[in-house]
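FYI, it's all coordinate maths here, none of it is from the lab. From a predicted model like this one, the values you see are computed outputs, not experimental measurements. Methodologically, a virtual Cβ is constructed for each residue, glycine included, from the backbone with ideal geometry; neighbour enumeration extends over all protein chains shown.
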2 protein chains.
Amino acid sequence: MKVRSEKITFDETLSLQCGKSLPGFELMVETYGELNAQKNNAILVCHAFSGSHHAAGLDEGSGKTGWWDQMIGAGKTVDTDKYFVVSLNNLGGCHGSSGPASINAETNDPYGALFPEVTVLDWVKSQKLLAEKLGIDCWEMVAGGSLGGMQALQWAITYPEAIKKAGVIAASAKITTQNIALNEVAREIIRKDENFHDGNYLVQNTSPKQGLKEARMLGHITYLSESSMGKRFGRNLQEPETKVDSSINYEVENYLQYKGEQFADSFDANSYILMTKAMDSFDPAETCGGDLVESLKGIQAKLLITSFDSDWLFPKEHGLEIQVAAMKAGLKSSYLECAGEHGHDSFLFHQEHYARSFKNFLENNE
Amino acid sequence: MKVRSEKITFDETLSLQCGKSLPGFELMVETYGELNAQKNNAILVCHAFSGSHHAAGLDEGSGKTGWWDQMIGAGKTVDTDKYFVVSLNNLGGCHGSSGPASINAETNDPYGALFPEVTVLDWVKSQKLLAEKLGIDCWEMVAGGSLGGMQALQWAITYPEAIKKAGVIAASAKITTQNIALNEVAREIIRKDENFHDGNYLVQNTSPKQGLKEARMLGHITYLSESSMGKRFGRNLQEPETKVDSSINYEVENYLQYKGEQFADSFDANSYILMTKAMDSFDPAETCGGDLVESLKGIQAKLLITSFDSDWLFPKEHGLEIQVAAMKAGLKSSYLECAGEHGHDSFLFHQEHYARSFKNFLENNE
């Protein structure tokens with residue numbers, strides 16, 4: 001599989017939904033496979049909340065496998081011998097694209113809290129500029145899980161002629177009050193970390209790592225299923241000599257502590273807040289007075305809506321709501337409920353039924 | 001309704017499950033109604049995680065109504081014209097009973113982190129001493145919701161001849177890995193608050209209020225149902241002039257901030273940690289090699305197990321597990337699934353089906 005990583009600079013001013021604009025920006029992009037001469041084999045994959053441009057293959061620097069590596073690669077569900085797959089770090093992220101940790105040309109300091117609010121629609125607009133730069137008029141497919149699935153749906157709405165298929169996976173047309181509430185707890189934890197400094201921690205040479213760790217511990221629970229946590233850890237007690245903290249009793253506590261710690265070392269707190277706010281505010285029906293059917297009517301792409309039975313963050317009702325609206329809007333749309341043992345995170349894992357349906361959707365051009 | 005509040009001192013040394021002991025202790029007790037001459041109309045109600053001795057009536061000092069006031073009172077489900085109801089603040093709590101904020105006679109400072117770990121079994125043992133002090137040989141019923149229901153079940157196991165009925169409501173025979181994980185996030189948030197000082201914040205004249213607030217915000221979400229939050233707040237935006245924090249967008253965020261703040265002003269951080277640890281460790285089957293049926297076999301009390309359909313913290317599977325084990329153990333046990341719109345907190349609210357079944361269970365002595 002041919003992999004290319006590149007930071008691409010855009011000189012265009014990007015007007016954002018919040019009313020502010022970015023006078024040029026950078027996107028960190030990774031591509032897999034090769035664009036064919038007709039430029040009609042391109043697939044855009046959009047990352048979830050804490051993902052990055054590194055979707056497939058092994059990154060030798062970090063030793064990390066891409067987040068959708070089980071699905072993308074030579075001979076895999078999304079076959080890179082056949083398709084040209086484009087992945088990017090979203091605007092506002094912290095893996096190379098312009099975001100709160102980037103230098104603000106006006107101040108020569110990191111943006112910090114001054115980085116503007118970015119929405120799913122803003123991401124899609126920036127991705128459209130990327131498509132133009134790559135010479136791609138129409139994506140064969142735009143797909144993603146969770147917040148990535150929201151981007152795929154927004155693509156189909158905003159650029160109906162530039163996308164043939166949308167894979168809207170483990171996603172939602174708008175998140176619930178409970179989802180917003182959980183995001184707000186995470187944000188409050190981060191904002192009130194003593195090292196947050198109202199978002200301007202980088203100029204203070206510090207980082208609210210403890211808050212990020214706690215926010216991630218909470219988030220992590222919501223991404224897994226109750227039963228997978230039960231199967232893996234049960235009520236097993238942690239061996240004393242391997243406790244990361246003396247106050248720990250159970251294995252699951254140790255695991256969460258470790259996962260949280262690891263995440264806090266590699267993620268930016270302002271990006272965490274920005275990404276969760278983007279998730280909260282996603283609601284394409286809003287511009288149609290709350291009528292989702294109406295908001296979908298202009299879509300020309302075929303949709304594949306997928307939910308997982310163990311997902312309690314965006315349970316299947318979220319997927320079904322989109323599917324019912326798509327049917328009422330007269331779209332070509334299929335709904336798939338998959339058994340997935342990994343809760344919300346199930347979309348990341350190869351699983352027979354899920355992968356086969358995904359491949360059929362992608363390759364069937366009737 | 002006759003209400004009495006009293007702090008009762010116990011000179012007995014209480015040996016705790018953790019191996020430590022308390023050389024005497026105090027319990028803050030509130031009673032409703034009057035004990036009859038035969039002393040056979042007494043009901044013990046056990047509070048949930050953040051409850052107190054104040055279960056019914058209006059406390060004029062605080063202006064607060066008791067946590068189970070919808071169920072307990074003259075002419076109510078638990079009729080105080082007929083029954084003598086005893087409620088107490090559990091050991092380790094922060095509403096008047098001995099706990100981490102009490103003075104440690106050995107140091108003349110608040111116990112803080114030195115207050116020993118207390119379990120559900122320890123609470124039940126201290127409650128048995130209370131019963132003896134009140135001259136009650138056998139409770140007509142012991143009942144409670146959530147962690148309170150666990151105490152009711154433990155009572156039936158530990159003192160089979162001293163309890164005729166157990167109301168095990170919105171409870172669990174052992175909590176799940178996910179429950180433990182959520183508790184650990186709350187504890188981590190509190191422990192790492194800059195004002196926690198390893199639990200010895202009182203001698204530093206401070207309190208980890210921000211951590212407590214965040215922990216409660218998270219807890220609060222788990223006590224409510226997704227649909228009740230949705231109905232009440234939806235995705236409504238908060239009016240700018242009433243935002244408690246400028247970074248808030250939605251009404252539900254404002255509500256959680258307010259609720260968390262309020263709680264942090266009235267609860268002790270060490271008690272929070274102690275109570276959640278007691279919840280984590282509750283597992284009466286453990287002494288029988290994990291065999292719940294075996295652990296229940298000595299029970300002589302009649303059981304009423306109640307779960308609520310909107311409870312996602314301890315969903316009905318938890319109640320059913322106890323009921324199935326009780327049936328296999330040959331006990332007199334009924335299981336009731338109630339429609340409750342308030343999620344886990346549903347047990348606090350009067351609701352026709354729930355209240356009627358509860359009353360029938362209490363008053364039917366066939």
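What the table shows:
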| read-out | value |
| --- | --- |
| Chain lengthening between residue B:37 and residue B:204 when straightened (0.36 nm per residue, less Cα-Cα) | 55.1 nm |
| Other copies of residue A:34: label-to-label distances in nm, shortest first, labels 7 Å along the beta-carbon direction | 9.7 |
| Residue-count net charge about residue A:48 - beta-carbon cut-off 14 Å; Lys, Arg +1, Asp, Glu -1 | -1 |
| Alpha carbon centroid spacing (whole Å) that separates the range B:49-92 from the range A:42-67 | 56 |
| Globularity index of chain A, i.e. its alpha-carbon radius of gyration over 2.2 N^0.38 Å | 0.97 |
| Projected area averaged over orientations for the range B:179-275, convex hull of C-alpha atoms, nm² | 7.0 |
| Peptide-level mean, for A:222-229, of C-beta atoms on other protein chains within 10 Å | 3 |
| Distance cut-off 26 Å, percentage of C-alpha pairs in the range B:1-131 lying past it | 25 |
| Nearest-20 debye value, chain A charge dipole, Cβ charges on Lys, Arg, Asp, Glu | 680 |
| Residue-count net charge about residue A:197 - beta-carbon cut-off 14 Å; Lys, Arg +1, Asp, Glu -1 | -3 |
| Computed [θ] at 222 nm, deg cm²/dmol, chain A (DSSP H ≥ 4; -39,500 (n - 2.57); rounded to nearest 500) | -10500 deg cm²/dmol |
| 7 Å along Cα→Cβ, label-point gaps from residue B:231 to other copies, nm, shortest first | 3.5 |
| Given charges at Cβ of Lys, Arg, Asp, Glu: the protein assembly as shown dipole, positive-most of A:5, B:315, B:197 | B:315 |
| Kirkwood hydrodynamic radius over Cα pairs of the range A:251-291, then Stokes diffusion coefficient at 4 °C and 1.567 mPa s, in µm²/s | 102 |
| Average partner coverage of B:241-252, which counts Cβ from other chains inside 10 Å | 3 |
| Neighbourhood charge, 13 Å Cβ-Cβ cut-off, centred on residue A:8 and excluding it, Lys, Arg +1 and Asp, Glu -1 | -3 |
| Inter-copy label distances at residue B:291 (7 Å, Cα→Cβ; nm, one decimal) | 6.5 |
| Radius, Kirkwood style, for the range A:59-206 when every pair of distinct Cα atoms is counted (Å) | 17.7 |
| Per the axis that maps chain B onto chain A, nearest residue of B (Cβ criterion) and its distance in Å | B:194, 2 |
| Computed Rg/Rh of the range B:280-366, alpha carbon atoms with Kirkwood Rh | 1.00 |
| Compactness of the protein assembly as shown - radius of gyration and Dmax, Cα, Å | 28.1, 96 |
